[in-house]
Structures are given as C-alpha cells and as structure tokens.
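Right, one structure below, let's go through it.
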Amino acid sequence: MTKKLQPKLRFRGFTDDWEQRKLKDLHKQPLLIEPIRTATYLSWSVPAFNDGVPEIARGSEIASVKQSVGFGDVLLCRINPRINRVWVVEPVGNANFPMIASTEWVVFANEDGDSHFLSALFSSDRFRNMLLSEVAGVTGSQKRFQVASVLQHEESFPSKLEQKRIGALFSKLDQLIAAEKRTLNLLKDKKTALLRQIFNQETRFKSYDRPWEQRKLGEIAEVVGGGTPDTNNPSYWNGSINWFTPAEIGSSTYVADSKRKITEKGLQHSSASLLPAYRTILFTSRASIGLVAILTTDACTNQGFQSLVASDQVDVFFLYSLCDRIKRQAVRNAAGSTFLEVSGKQLAKIPVQVPSLAEQRRIGELFQVIDALIAAKSQKIDLLELKKKSLLQQMFV
C-alpha cells in the first residue's frame, strides 16, 4: 500500500496528497558575473543576512565573482548549515539596481509553486538535519553541504494554491518575528546609550548634582570565589543547595535554579560559599569573563566565578548595571596561558565611580525597567519561534 503524503495540519478545504519532487528540479543554475567597478548593485551577501537587508554596494567594493538573482528566488546558504540561513529575494524599497548574491548561496526557483513555501520548508529542523548529513569540511566556517547530493533529495509539495496559503502564513510569522527583533535591538541600543551617558555622568536625574566618589570595587562589594565538591563522593551531590556553573549564566538577568545541586556536607567540604539572594551578582571570572546574573535564591558556584556580594552602601541593580564597565577592566587585567582568568584580588582593585545611595537606586530602577522590557520582548520572540517550529513540524510532510 502506498503511504499517503499528507501533513498533520492543513488549511480547511485541502485534501489532496502531496507530490514528491527532486530538489534538482527547482535548482537554478548560477549565472556568474564579474561586477562592473562603476556600477551599483543590490547584494545578497552572507553577512548581510544577519541584518535581514541586502547591501547596496559599488562594484569597486566587491572583490569576488557573484551570481545573478531575481525576485522570487530562494537562497539556501551552504556554509555551516547548522545555522539556518534561508532568504527570499524580494524588492527593497525603491532600490532599482542589478541584483547579485554570493556564490555561497544555492539558488532555487519555485516557479510552479510559492517562494515562501519553499523558504519555510528549507527552514524546518528535518530539512536542516538532512543538510547536516551531507556536510563535508573540517571546521564550522569551512563546512559546506554537498550541493550535488542535496539536489538528489526528494521533498513533498502540495498544490500551488496550498503552497501559497502555507507560504503566506510563514511569511507573516517571519515578518512578525523580524519586527519584534528590531524592537528588541532598539531597546538594547537605548540601554547601551543610557549606560554610557549615565556612567559618564553626561546625563543625571534632576536634583542630583553631588560628584560621584572614586572607590575600589572591593570597598562596595565583597568578592567571593567558588569551588567544587569531590565529584566522586555521592554524599556531596544531589542535595538542595543550588550550585551554578558559568554555562548557566548570561542569558537572564536573574537566576534561581541550577542544573546541579550539592548537599550541606558538600558545601562544608569544598571552597564554595553560600551566597545571599538579592545581594549577590554572579560574575564569571574565566574563559568568558564578565557574564553576570542576580541571584534570587541563596546559592553557591564552582570556581569559575568571582561573585560580587553588594554591601549596604550599594544598590544591587546599580552594581549589576555597572558590571559592563567592570567586565571591560577585568578582561584587561586577566591573565593565563590556557585561558584568561581574573582573580578575586584583581577584581577587588578595579576602580569604580559611585554616586549617593539615593541616586544609585534611581539609576538601578531605570535599568531594571529597561531590562524587564528586554526580557519580555525576548520571551515573546522565543514563543513566536517555538510556534513557528511547531507549525513547521505539523504543516509539512
């Protein structure tokens, strides 16, 4: 019995089986061109993909041969296919320049279907895994999928009308995700600008005009290292005390629950210290120096940290906001032959400028609000991307 080619989730009114086609039937043979030095081009380069907008470039700025592309073409990047790079060639404002693309893109033209349907298909985890199975090369930047092998793969396609419905859905979803990411980037840029202006004392809240005081970091916070209990002693592990590693830090402002936990006995028989909630900023001190998070529960860390326990004379969120500057100084002071590391003594000596506690609190409150907005926007993007992933799994064969 022939297996029916139908997805789990479909738009109402579509019941026909999908048909299989080889990707080579959609492949567009590259038309290579040597850019004219005096001409201006709209260029779909691989680096430009991260910005979501093709580059406008003079021929004199382009150092290699490119390929011609047209509206509706679907570009699939062959470099390191673990990174999901798929791009539909579409009009860009009023730009009316010859359109070119890097030869690292494999170009497809779905003339009998819909470009955005093909783009969504190429973005699915299943398709991505197929590309990874066809990879050759040594390192990530050198790995490329084998075009000839990939073109022999078959994929399932519905009618043109159903493709258009599916393509329109994922196009809208991609536009929504892109818009949310633009807003997130604007928030991050605004935060960066405010951090610079406030900590350079170019911008201050009204009624605060007293000079900031020069202090050492160790004068406003206790610097506390971490440790690891004996991993061969089971009585030290799987307890109730949170024990963080650097890999768990950096994606969130706050942390509360570690992947691994230790026992009271493990804490006593190691150099780890129990750090107080809401007064401690975890600060990674080796390899990736300066990843930070505020503890919201008592916890300890391994030796990859020199955490900052704020004194009563400093607002913890002010100190957290100051950590970007502390990080830059810590990286400059770091040393090590295998990996860079900054010691607790070095960290404690870093000079910082500190306003009154009242002004600290105003500054801390401001950045707390901005960070909350950034976290909410990031969470919304994550949810949208999860929704897209779920739909890709259900709406394709």
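The values are calculated or read from the model by the stated rules, or taken from the named source; none is laboratory data. All figures in this text were calculated on a predicted structure; none of them were measured in a lab. Every residue, glycine as well, gets a Cβ built from its backbone with ideal geometry; the counts of neighbours run over all protein chains shown.
In region 131-180, of all residues being acidic (D, E) and under 16 Å from F108 (Cα atoms), the one that is surrounded by the fewest Cβ atoms within 10 Å (Cβ to Cβ) corresponds to E154. When V352, V397 are checked against the criterion of being surrounded by 13 or more Cβ atoms within 10 Å (Cβ to Cβ), of a type in the set (A, V, I, L, M, F, W, C) and assigned to a strand (DSSP E or B), a single residue qualifies: V352.
V106 meets all of the listed conditions (1) of a type outside the set (D, E, K, R); (2) modelled with pLDDT of 95 or more; (3) in contact with a strand residue (DSSP E or B) (Cβ under 9 Å, 6 or more places away or on another chain); (4) part of a helix (DSSP H, G or I) but one, namely (4). Among (1) touching a helix residue (DSSP H, G or I) at 6+ places or on another chain (Cβ under 8 Å); (2) modelled with pLDDT under 95; (3) not aliphatic (A, V, I, L, M), where does Q368 come up short? Failing condition for Q368: (2).
Please go through region 264-281 and pick out each residue that is charged (D, E, K, R) and in contact with a strand residue (DSSP E or B) (Cβ under 7 Å, 6 or more places away or on another chain).
Result: E264, R279.
When region 29-47 is filtered for residues that are within 26 Å of L118 (Cβ to Cβ) and either surrounded by fewer than 17 Cβ atoms within 10 Å (Cβ to Cβ) or assigned by TED's automatic domain parsing to the domain that holds A178 (or both), the ones remaining, listed by number, are Q29, P30, L31, L32, I33, P47. Taken over region 227-280, residues that are farther than 26 Å from Q379 by Cβ, in contact with a Ser or Thr (Cβ under 9 Å, 6 or more places away or on another chain) and hydroxyl-bearing (S, T, Y) amount to 8. Total residues in region 48-83 satisfying the condition of being farther than 21 Å from L31 by Cα and surrounded by fewer than 15 Cβ atoms within 10 Å (Cβ to Cβ): the figure is 6.
Filtered by the rule that a residue be in a helix (DSSP H, G or I), touching a strand residue (DSSP E or B) at 6+ places or on another chain (Cβ under 7 Å) and closer than 13 Å to F396 by Cβ, region 118-157 gives L118, S119, L121, F122, S123. When you look at T284, is it more than 30 Å from F205 (Cβ to Cβ), modelled with pLDDT of 95 or more and surrounded by fewer than 19 Cβ atoms within 10 Å (Cβ to Cβ), yes or no? Here the answer is no, as T284 does not meet what is asked.
Residues of region 373-397 that are of a type in the set (A, V, I, L, M, F, W, C) and touching a residue at least 40 places away in the same chain (Cβ under 8 Å): L373, I374, A375, I381, L384, L391, L392, M395, F396, V397. Just checking, does region 182-190 include any residue being in contact (Cβ under 8 Å) with a residue 12 or more places away in the chain, more than 19 Å from V369 (Cα to Cα) and touching a Ser or Thr at 6+ places or on another chain (Cβ under 9 Å)? Checked against the condition, which is being in contact (Cβ under 8 Å) with a residue 12 or more places away in the chain, more than 19 Å from V369 (Cα to Cα) and touching a Ser or Thr at 6+ places or on another chain (Cβ under 9 Å), region 182-190 yields no hits at all.
Annotation note: of Q214, Q197, Q201, the sole residue that is part of a strand (DSSP E or B), more than 30 Å from C300 (Cβ to Cβ) and either out of contact with any helix residue (DSSP H, G or I) (no Cβ under 8 Å at 6 or more places or on another chain) or outside the structural domain of L347 (by TED's automatic domain parsing) (or both) is Q214. Within region 213-236, can one find any residue that is of a type in the set (A, V, I, L, M, F, W, C) and over 19 Å from V342 (Cβ atoms)? No, every residue in region 213-236 fails to be of a type in the set (A, V, I, L, M, F, W, C) and over 19 Å from V342 (Cβ atoms). Of all residues in region 58-103, those satisfying the criterion of being basic (K, R) and not in a loop (DSSP other than H, G, I, E, B) are R58, K66. Does V369 fit the bill of being part of a helix (DSSP H, G or I) and free of Cβ contacts under 8 Å to residues at least 40 places away in the same chain? So V369 passes the test.
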